[in-house]
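**Student:** Mind looking over this structure? Questions follow.
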Amino acid sequence: MFVDNAVVKKIEGGEVYDKFAIAATLLDVSFKGASCSILEAQIVEGCDGCNLKYLCGRVDEVVKDYREKTTMVTESFSFI
């Protein structure tokens, strides 16, 4: 399984995931969107048989929740 090394940090001889790097990645996903590399590579035909389906769904929910909680209309314009 591919894991981006930017989110893995070596601490005291072990490896851990950096929550800040994961959060920054999710922030980036909220702007750029995301795709599934195993679907693109045709390793699986659909999400229904994938063990990661639940996690992918939760990532989508986190990104949606982030957008809703951090997007604010500060002014509206009328050109009429």
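The values are calculated or read from the model by the stated rules, or taken from the named source; none is laboratory data. Bear in mind that the values here come from a model prediction, so they are computed numbers and not experimental data. Virtual Cβ from ideal backbone geometry, glycine too; neighbours counted across all protein chains shown.
**Student:** Taking the stretch 62-80 only, how many residues are surrounded by fewer than 10 Cβ atoms within 10 Å (Cβ to Cβ) and not in a loop (DSSP other than H, G, I, E, B)? Break it down into steps so the answer makes sense when it comes.
**Tutor:** Initially, the stretch 62-80 is screened for residues surrounded by fewer than 10 Cβ atoms within 10 Å (Cβ to Cβ), giving 68-80.
The next check asks that each one be not in a loop (DSSP other than H, G, I, E, B); those that pass are 68-70.
The number of residues fulfilling the criteria is 3.
**Student:** May I pose another question? Pairs under 7 Å by beta carbon, first residue closer than 16 Å to Thr25 by Cβ in the stretch 35-63, partner surrounded by 10 or more Cβ atoms within 10 Å (Cβ to Cβ) and polar (S, T, N, Q), six or more apart or different chains?
**Tutor:** From residues that are closer than 16 Å to Thr25 by Cβ, the pairs are Val63/Ser30.
**Student:** Which members of the stretch 8-47 meet the condition of being surrounded by 10 or more Cβ atoms within 10 Å (Cβ to Cβ), assigned to a loop (DSSP other than H, G, I, E, B) and modelled with pLDDT of 85 or more?
**Tutor:** Asp18, Cys36, Ile43, Val44
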